[in-house]
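Below is one structure, written out as structure tokens, with a few remarks after it.
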Amino acid sequence: MDLRAHYDLLDLEAREAVGRVGFGFDAQIDDPDDDRRGLTLLLRPNENMARSFDRFTTAIEEVLPGHYSYNRSDFHVTVMPIVSCYSGFSLDRLTVEAYLQLIKGATGAVGVIPIRFIGVFMSQSCLMIRGYPQNDELEKLRNNLRETFGTSNLEQSLDKRYKLVTAHSTVVRFKQSVKPPPAFWEVMRYFEAFDFGVQVFEELEFVFNDWYQRADLVQLLAAYRLRE
């Protein structure tokens with residue numbers, strides 16, 4: 001897949017919609033009773049990359065204050081939502097060890113995953129940083145997971161919402177409907193080809209999480225080292 005063209009298409013569709021009616025919003029983002037939980041395999045940006053991402057979120061906050069910017073500890077790239085978040089999901093009903101063994105098998109032969117983060121894009125309710133894998137290991141890993149979980153009886157929702165092909169990181173979500181001012185578009189233009197840097201991801205995290213991957217709600221279940 002031409003990932004750049006895919007990002008461009010998603011961005012164009014969102015820009016057209018936002019230009020007409022403004023941003024949509026996430027009605028549950030401040031809801032203390034939001035009990036949506038799930039299981040996710042993810043990559044975690046290091047401190048240097050998180051600081052780089054912060055340059056974009058800080059610039060957005062200056063022109064569109066009052067929305068939800070991810071904390072540095074919450075930045076992530078989703079490898080696969082093993083169970084997409086839904087209300088009432090609990091670890092108590094699972095045999096966690098069975099998930100750990102399946103993931104261990106799927107990741108065992110996978111090498112490190114270098115990702116270059118260049119540019120930003122948008123949906124109608126959030127802003128994201130574009131990630132471009134520099135080898136085929138992320139795609140290999142995702143296909144391994146699809147094959148492994150496809151032959152198991154464990155609860156899972158791989159590709160149920162959509163087939164995951166990107167390596168983006170969501171960094172801003174909107175709390176209310178808003179039509180962005182001209183200054184917002186200037187920030188987007190500035191960052192449209194901004195080089196945030198490259199990180200070689202050497203470890204995967206398997207977590208029990210809320211919808212927003214907030215660190216105070218995330219429970220690390222296992223970490224998997226990738227092959228050098």
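For segment 63-92, give me the residue count where each residue is part of a helix (DSSP H, G or I), in contact (Cβ under 8 Å) with a residue 24 or more places away in the chain and more than 21 Å from the chain's Cα centre (by Cα).
Of the residues in segment 63-92, 2 are part of a helix (DSSP H, G or I), in contact (Cβ under 8 Å) with a residue 24 or more places away in the chain and more than 21 Å from the chain's Cα centre (by Cα).
Can you name the residue in segment 187-217 that is closer than 22 Å to residue 97 by Cα and out of contact with any helix residue (DSSP H, G or I) (no Cβ under 8 Å at 6 or more places or on another chain) and is also surrounded by the most Cβ atoms within 10 Å (Cβ to Cβ) among such residues?
Selected residue: 209.
Scan segment 159-186 for residues that are crowded, with 17+ Cβ neighbours inside 10 Å and over 21 Å from the mean Cα position of the chain (by Cα) and jot them down.
If the condition is that a residue be crowded, with 17+ Cβ neighbours inside 10 Å and over 21 Å from the mean Cα position of the chain (by Cα), then 180, 184 are the ones that fit.
Looking at this structure, is residue 53 part of a helix (DSSP H, G or I) and either among the aromatic types (Phe, Trp, Tyr) or in contact with an Asp or Glu (Cβ under 6 Å, 6 or more places away or on another chain) (or both)?
yes
So, in segment 125-158, of the ones that are farther than 13 Å from residue 80 by Cα and hydrophobic (A, V, I, L, M, F, W, C), which residue ends up farthest from the chain's Cα centre (by Cα)?
The qualifying residue farthest from the chain's Cα centre (by Cα) is 154.
Out of (1) among the small types (Gly, Ala, Ser); (2) touching a Lys or Arg at 6+ places or on another chain (Cβ under 7 Å); (3) under 25 Å from residue 124 (Cβ atoms); (4) not in a strand (DSSP E or B), what's the single condition that is false for residue 5?
(2)
Using the structure shown, decide if residue 176 is on the phi > 0 side of the Ramachandran plot, of a type in the set (S, T, N, Q) and either in a loop (DSSP other than H, G, I, E, B) or without any contact (Cβ under 8 Å) to a residue 12 or more places away in the chain (or both).
It is false that residue 176 is on the phi > 0 side of the Ramachandran plot, of a type in the set (S, T, N, Q) and either in a loop (DSSP other than H, G, I, E, B) or without any contact (Cβ under 8 Å) to a residue 12 or more places away in the chain (or both).
How many of the residues making up segment 119-139 are part of a helix (DSSP H, G or I) and buried (at least 17 other Cβ atoms within 10 Å of the Cβ)?
2
Restricting to segment 30-60, name every residue that is exposed (fewer than 15 other Cβ atoms within 10 Å of the Cβ) and of a type in the set (Ser, Thr, Tyr).
Result: 58, single match.
Starting from residues that are at pLDDT below 90 and not small (Gly, Ala, Ser), keep the ones in segment 22-49 and report whichever is farthest from the chain's Cα centre (by Cα).
25
The values are calculated or read from the model by the stated rules, or taken from the named source; none is laboratory data. Model, not experiment: these values are computed from the prediction. Every residue, glycine as well, gets a Cβ built from its backbone with ideal geometry; the counts of neighbours run over all protein chains shown.
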